[in-house]
Amino acid sequence: MYYSDYTLSKLFYETQILTSALRLSRVENDLEGAMLSYKELARLYPDLTPNTRDTEKEPIDYYQALDVDPDSNRGRVRERYHRKLRSFLRDQENFDRKEFLAVLNGGIVLSSQRLRLSHDLHMTGHWIKRRSPNQFGKLNRARRSAKPESDEALLLDLLFDTRVINKKEAAALRSQLSLFTGCTIQELILFSGYLSRRDLGFFERGILHIKEELTTREQFCKSYQAKLQIEAQSQAH
């Protein structure tokens, strides 16, 4: 069984607590509180954390675009999103394309847990940088990586080689492993939605074959890409 419910629940609720603290600190103009929350979230999710260049341009506030409170739940976000869309459809004479696109993007971003967290980090990173550029630079570099065991390292390498994840996403998995020691790499991969259980099994069998020298990493990557192509062709028919 891949999921250890307690550990993943702990990760989920800690993320929710830190994200709420991040938003509240920004609303209350609490720079120190925002930096603490940002730092902890950056350690957990370095793949979602903006770098210095990403914060040079003023980001669009999707909470403002949808006219919702930053702590609004997903149901409230969806309600405001649909209400805004209906108002655009009714008022064709005063149609504002830029505002309409902000509402569309806001509905997509704020309805997704990972995209919303990335948005919150981007907003707060820009907010911190405007007030204290030096502090933001330090925060952005304060990311701790884990040292996974050989099987974990090989699994991460294969995920990267097959382009299932990128460098920042691999760093996020390593960081989460170091902070939540009761969690396995498989649990985190499934939790983040990078692979299905079936595909994860394919990767685990590949690791065994590589260790037993029945195949190479390059051959495994080619076989996985071939598998994806076959599945795509079968779905097309």
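Exactly one residue among Arg26, Arg76 is among the basic types (Lys, Arg) and modelled with pLDDT of 90 or more, and that residue is Arg76.
Within segment 95-116, is even one residue part of a loop (DSSP other than H, G, I, E, B) and over 24 Å from Phe180 (Cβ atoms)? Within segment 95-116 (the criterion being part of a loop (DSSP other than H, G, I, E, B) and over 24 Å from Phe180 (Cβ atoms)), the answer is yes, since at least one residue qualifies. Of the residues that make up segment 227-237, is at least one in contact (Cβ under 8 Å) with a residue 60 or more places away in the chain and out of contact with any helix residue (DSSP H, G or I) (no Cβ under 6 Å at 6 or more places or on another chain)? No, every residue in segment 227-237 fails to be in contact (Cβ under 8 Å) with a residue 60 or more places away in the chain and out of contact with any helix residue (DSSP H, G or I) (no Cβ under 6 Å at 6 or more places or on another chain). Report yes if Ser20 is exposed (fewer than 15 other Cβ atoms within 10 Å of the Cβ), modelled with pLDDT under 80 and assigned to a helix (DSSP H, G or I), otherwise no. Considered against the rule, which asks whether it is exposed (fewer than 15 other Cβ atoms within 10 Å of the Cβ), modelled with pLDDT under 80 and assigned to a helix (DSSP H, G or I), Ser20 comes out as no. Counting the residues of segment 159-175 that are touching a Cys at 6+ places or on another chain (Cβ under 7 Å) and part of a helix (DSSP H, G or I) gives 1. Scanning segment 98-152 for residues that are of a type in the set (A, V, I, L, M, F, W, C), at pLDDT 85 or above and either surrounded by 14 or more Cβ atoms within 10 Å (Cβ to Cβ) or on the phi > 0 side of the Ramachandran plot (or both) returns Phe100, Ala102, Val103, Leu104, Val109, Leu110, Leu115, Leu117, Leu121, Met123, Trp127, Ile128.
Look through segment 176-214, keep the residues that are of a type in the set (Val, Ile, Thr) and in a helix (DSSP H, G or I), and return whichever of them is modelled with the lowest pLDDT. Taking the candidates together, the pick is Ile210.
The values are calculated or read from the model by the stated rules, or taken from the named source; none is laboratory data. Since the model is a prediction, treat every value here as computed from it, not as a measurement. Backbone-built Cβ (ideal geometry, glycine too); neighbour counts: all protein chains shown.
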